[in-house]
Amino acid sequence: MRLLHGGAVALVSVVLLVLIGWPNQTVTTVAGTAEPWDPLGRGTPAIDVLGSSPWYGELYGDVTVVPRGNHSRQGVSGVRLADGAESWVYERRWADDMLEPIRVDDRHVAVPWRDGHVTLIDVPTGDIVWQTDLPDGPFAPENRTLDEEWPTAWELSVARHGSTSALVVLHDGRVDVLDTRSGAIRWSRHSGTCPGAHGTEYPGVGSVKGAGTAVLISRGCEGTTGYVVALSTEDGRPLWRFTERELNPLSSRDLGEGRFVSAADGGLVVRRTVDGKILWRARPADHYVEDYGVSVGLLTVPHESGITAYRVADGSVAWRRDVRDGGRPDVLTNGLVTYATSTPRTLLKLDARTGRVIDRHRFDKDIELKSMDDDLVAIGFQEVGTGDDQLIG
């Protein structure tokens, strides 16, 4: 009887594995490499609606990367803009939860998983560049429980070392900085611990952010004064330190040219990356630093009713333009053109270097600017169930 029972269990297990697949990782080429997409109207001064893109996707040239799957099969796919077909599909079966993919550069996306697995994918081809399994941090068991009372969140961002990018990962109470060429860990730090309720502990690092050639780490326990330490992207050596009131890592962004920007006390602060020295300040500003437009030599900042473009070198104003009667505009830029919302349904196209209005377009629904890659910008409609984004150029 035991033999019969064991045989039945084995047979059922084999059938289930055949139906749902073995626990593994696959990259499937579906429709082939994306072809260059050159629709009528692309690259002209006028704002033209050129096509559509999946709502949750991010643009990488002629491909949109889209999260996909369910609990047993999760991953991402590359959707061609030319015809909407999936060019490739990357999946892991029966793995831990996939976290939000992060853009490493204009060609590569990093896909992280809660079990510490990270895969770097070349978006145009769908090829896996590298994959690695990060060592567990001290809070890995709590992270696996997905209990919201424990610190389960991951944070990923991108820093730089010379001309090479580095992937900064906060997980399980541990910080790892990866070389994006190979996936090798350049250096690591444990967060330390803070005392919690009922004899528990939680990580002493609150947030981590790449800021050019520095990695900004926020430390401190509840009831104490938090501080931010800047570590070298190259080897993790300490560079400088400030209190959290002076500098919030999550409100910081790399500007290139050895500078980064952060928002503090209602103002804009640009510091030198190597030593944290303040180079210039400006007001007004807000804490939505990710919405700032960063391009060669200019920092384009949306504020109440308008836009101001500052010169990164010295903070002088390159141009300023009022574009709304009220409310803060959405802004995206590639250094040549800047898109901004002048009303909830009106889009402006500006010369990024002068602020001159090139064209305007009115939609029949409220819009939001989502992402921009090269000369394309994706806009979404602020209405449930509208489906895909629209692509304009």
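The values are calculated or read from the model by the stated rules, or taken from the named source; none is laboratory data. All figures in this text were calculated on a predicted structure; none of them were measured in a lab. When we count neighbours, we look across all protein chains shown, and the Cβ atoms used for this are built from the backbone with ideal geometry, even at glycine. Ligands, DNA and RNA are stripped out before the accessible areas are found, and what is left, the full protein with its side chains, is counted by its heavy atoms. Shrake-Rupley method; radii C 1.70, N 1.55, O 1.52, S 1.80 Å.
Taking amide H positions as modeled 1.01 Å from N, with prolines and chain starts lacking one, the residues under 5 Å from Phe260 and 5 or more places away or on another chain are Leu255, Arg271, Thr273.
Cα convex hull of segment 128-278: how many Å³ per residue? Mind showing how you got there, number by number?
Numbers: hull volume 18.1 nm³, N = 151.
Spread over its residues, the Cα hull of segment 128-278 gives 120 Å³ apiece.
Per residue, the chain reaches -2000 deg cm²/dmol at 222 nm when only DSSP H runs of four or more residues are counted, each adding -39500 (n - 2.57).
Highest GNM mean-square fluctuation among Gly210, Gly258, Gly75, for the chain modelled with Cα contacts below 10 Å: Gly258. Mean separation of Cα pairs under 8 Å and 6 or more residues apart, divided by the residue count, gives segment 33-182 a relative contact order of 14 percent.
The separation of segment 152-171 from segment 50-67, counted between C-alpha centres, amounts to 23 Å.
Estimated at the nearest 10 Å², the accessible area of Asp96 is 40 Å² with a 1.4 Å probe.
Less than 5 angstrom separates the built amide H of Gly51 from those of Leu391, all sequence-distant by 5 or more or on a different chain.
Each Lys and Arg adds +1 at its Cβ and each Asp and Glu adds -1 at its Cβ; summed about the Cα centre, the chain shows a dipole of about 860 debye.
Segment 68-115 and segment 299-332 have Cα centres separated by 35 Å. For the chain, modelled as a GNM whose springs connect Cα atoms under 10 angstrom apart, the maximal fluctuation among Gly84, Gly116, Gly199 occurs at Gly199. Averaging the sequence gap over all C-alpha pairs within less than 8 Å and six or more residues apart, then dividing by the number of residues, gives the chain a relative contact order of 11 percent. Once a ≥ b ≥ c are taken as the square roots of the eigenvalues of the Cα gyration tensor of segment 230-389, is the result rounded (a/c under 1.5), prolate (a/b larger than b/c) or oblate (a/b not larger than b/c)? Verdict is prolate for segment 230-389.
The Cα atoms of the chain give a gyration tensor whose axes a ≥ b ≥ c have a/c of 1.5 or more with a/b no greater than b/c, which makes the shape oblate. Shown in residue order for segment 56-69 are the 3J(HN,Hα) couplings computed by the Karplus curve 6.51 cos²θ - 1.76 cosθ + 1.60 at θ = phi - 60°: 8, x, 10, 6, 9, x, 8, 10, 10, 8, 10, x, 8, x Hz (x for Gly and Pro). With a ≥ b ≥ c taken as the square roots of the eigenvalues of the C-alpha gyration tensor of segment 224-270, please select rounded if a/c is under 1.5 and otherwise prolate if a/b is larger than b/c or oblate if it is not? Oblate is the answer for segment 224-270, as a/c is 1.5 or above yet b/c matches or exceeds a/b.
Compute the Kirkwood hydrodynamic radius of segment 19-109, taking the inverse of the mean of 1/r over all pairs of distinct Cα atoms, and give it in Å to one decimal. For segment 19-109, inverting the mean 1/r across all distinct Cα pairs yields 14.5 Å. Phi angles across segment 98-108 convert, under the Karplus curve 6.51 cos²θ - 1.76 cosθ + 1.60 with θ = phi - 60°, into 3J(HN,Hα) values of 7, 9, 5, x, 10, 6, 8, 7, 6, 10, 10 Hz, Gly and Pro given as x.
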